[in-house]
Amino acid sequence: MPLPRVRVAILAVALVAACELPSRPDTPVASVTVAPTSASLHVGDTLRLGATPWDSSGNILAGRSIAWISDSTAVATVTPSGLVRAVAAGSSTIRATSEGKTGTAAVTVTASGGGSAPFGHVFVVTEENHDYASVIGSSAMPYLNSLAQQYGLATQYYANTHPSIGNYFMLTTGQIITNNDSYSTIVTVDNVVRRLLAGGKTWKSYAEDLPAVGYTGGDVGNYARKHNVFALLSDVVNDSMQRSNLVPFTVFATDLANGTLPDFSNIVPNLCNDAHDCSLSTADTWLGNNIAPLLTSPTFQRDGLLIILFDEAGSDNTNGGGRIAWVVISSRTKTGYQSTTLYQHESTLRLILEALGLTQLPGAAATAPGMGEFFTP
């Protein structure tokens, strides 16, 4: 016997209600929440975050796509599914975005093992005044190119300014400070030495042809102070103990052989060997003779990180100082990795300090893009 029309209508409405989706596909996302909203991790830890889109009435919108991003990949990375991995000590904001609406989670990373840093020794070698295209792929620099092919290369790295000195100040203070290569005023702003000392770290600046330990004066022979602006930082100049960390490059081989290298080593070739006054081939030979022994040493093999970069381009003004070569070497660098992220010197300053487990960053380094993409977890 057929059902009465009223009962059929009621049944149809009930079936539609039972099958109706929580939201219509055209309902816009009004907000996104992330859970948990904050987390504390140790280096190497992982955490799965969840993101929930909501409509303006407080209803969950199912099936919406979520894009995840970390504000500092040097501290914490995040996968497209919301899996966070702690990389280095520091703080990072993880963002989940859906249809233009964003929710966040604050992630704080502390060093694993109660105080150990991602790297125990960080080294920086700065070369001079050549464009990226004249260096990478050049037959004049086979050694540097072999390192770039084996380890990490930033293909979109740009200097901040012209001439040299402003770039060296950005690498040490997070500020350009001056574009006068003859500048001789003592700089009192926050800087890499201040942060290293506050974190209980040791340092030296090994400058080729420096006339004497602790020398803070002007240019002598092939030594250029504008390439060694540590000699203009108040934390160094006004402290006799810190001045003694300004040493001739000849000390580097001794410290390497004796296992007495500091936590951070700034390496300054002279005006010929940094390709300022001599050829790229000369600079490459110097790197092969002086850096290759470092890379094979037990100290570096255990916990070393080396950055080789140029201070500025020779003929390019893009982004202030032109596109330059930047290469990173360590046992944790992704093999043959090439980044297309735009970086400048403040990101290198950030990497130097974060690699040693430090979280207080000078000047523009505090907000610069992190460089964690170059490293394996």
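The values are calculated or read from the model by the stated rules, or taken from the named source; none is laboratory data. Here the structure is a predicted model, which means the values were calculated and not measured. All Cβ positions, even for glycine, are placed from backbone atoms using ideal geometry, and neighbour counts span all protein chains on display.
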* Checking VAL237 against (1) of a type in the set (A, V, I, L, M, F, W, C); (2) farther than 20 Å from ARG195 by Cβ; (3) in contact (Cβ under 8 Å) with a residue 12 or more places away in the chain, which single condition isn't satisfied? -> (2)
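State yes or no: is VAL109 over 30 Å from GLY320 (Cβ atoms), of a type in the set (A, V, I, L, M, F, W, C) and surrounded by 23 or more Cβ atoms within 10 Å (Cβ to Cβ)? Write out each step before concluding.
Working: over 30 Å from GLY320 (Cβ atoms): yes; of a type in the set (A, V, I, L, M, F, W, C): yes; surrounded by 23 or more Cβ atoms within 10 Å (Cβ to Cβ): yes.
Yes, satisfied.
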* Within region 84-95, tally of residues that are closer than 13 Å to ALA39 by Cα and modelled with pLDDT of 90 or more -> 4
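How many residues are free of Cβ contacts under 8 Å to residues at least 40 places away in the same chain and over 27 Å from ALA198 (Cα atoms) if we restrict to region 260-289? Full working, then the answer.
So in region 260-289, the residues free of Cβ contacts under 8 Å to residues at least 40 places away in the same chain come out as 260, 278, 282, 286, 289.
Going one step further and asking which of them are over 27 Å from ALA198 (Cα atoms), we end up with 278, 282, 286, 289.
Adding up the residues that qualify gives 4.
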* Asked: Which one of the conditions (1) under 27 Å from the mean Cα position of the chain (by Cα); (2) part of a loop (DSSP other than H, G, I, E, B) does ALA231 fail to meet, given that it meets all the rest?
  -> (2)
* Asked: Name the pairs whose Cβ atoms lie under 9 Å apart, with the first residue in region 148-165 and in a helix (DSSP H, G or I) and surrounded by 24 or more Cβ atoms within 10 Å (Cβ to Cβ), the second among the hydrophobic types (A, V, I, L, M, F, W, C) and at pLDDT below 95, and 6 or more positions between them or separate chains?
  -> none
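Which residue, of THR155, THR161, THR173, THR126, is under 19 Å from THR185 (Cβ atoms), under 18 Å from the mean Cα position of the chain (by Cα) and modelled with pLDDT of 95 or more?
Details: THR155 fails: under 19 Å from THR185 (Cβ atoms); THR161 fails: under 18 Å from the mean Cα position of the chain (by Cα); THR126 fails: under 19 Å from THR185 (Cβ atoms).
From the options THR155, THR161, THR173, THR126, the qualifying one is THR173.
Take the conditions closer than 24 Å to THR376 by Cα, in the same structural domain as ALA154 (by TED's automatic domain parsing), β-branched (Val, Ile, Thr) and out of contact with any Phe, Trp or Tyr (no Cβ under 7 Å at 6 or more places or on another chain) and apply them to ILE308. Does it pass?
Numbers: closer than 24 Å to THR376 by Cα: yes; in the same structural domain as ALA154 (by TED's automatic domain parsing): yes; β-branched (Val, Ile, Thr): yes; out of contact with any Phe, Trp or Tyr (no Cβ under 7 Å at 6 or more places or on another chain): yes.
Spelling it out, ILE308 is indeed closer than 24 Å to THR376 by Cα, in the same structural domain as ALA154 (by TED's automatic domain parsing), β-branched (Val, Ile, Thr) and out of contact with any Phe, Trp or Tyr (no Cβ under 7 Å at 6 or more places or on another chain).
Is it the case that VAL124 is surrounded by 23 or more Cβ atoms within 10 Å (Cβ to Cβ) and outside any helix (DSSP H, G or I)? Reasoning before the result, please.
On the way: surrounded by 23 or more Cβ atoms within 10 Å (Cβ to Cβ): no; outside any helix (DSSP H, G or I): yes.
When the stated conditions are applied, VAL124 does not pass them.
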* To do: Of all residues in region 208-226, count the ones that are surrounded by 14 or more Cβ atoms within 10 Å (Cβ to Cβ) and assigned to a loop (DSSP other than H, G, I, E, B).
  => 9
* Positions within region 257-288 being aliphatic (A, V, I, L, M), under 23 Å from THR172 (Cβ atoms) and not in a loop (DSSP other than H, G, I, E, B), in sequence order -> ILE267, VAL268, ALA283, LEU287
* Please name all residue pairs, on different chains or six or more residues apart, with Cβ atoms under 7 Å, provided the first residue is in region 316-327 and is in the same structural domain as MET170 (by TED's automatic domain parsing) and the second residue is of a type in the set (S, T, N, Q). => ASN319/GLN344; GLY320/ASN160; GLY320/THR161; GLY321/ASN160; GLY321/THR161; GLY321/ASN167
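Which of the following residues is within 28 Å of LEU342 (Cα to Cα) and either at pLDDT 85 or above or surrounded by 11 or more Cβ atoms within 10 Å (Cβ to Cβ) (or both): SER81, SER23, SER40? Give the steps one after another, and end with the answer.
Details: SER23 fails: within 28 Å of LEU342 (Cα to Cα); SER40 fails: within 28 Å of LEU342 (Cα to Cα).
On inspection, the qualifying residue turns out to be SER81.
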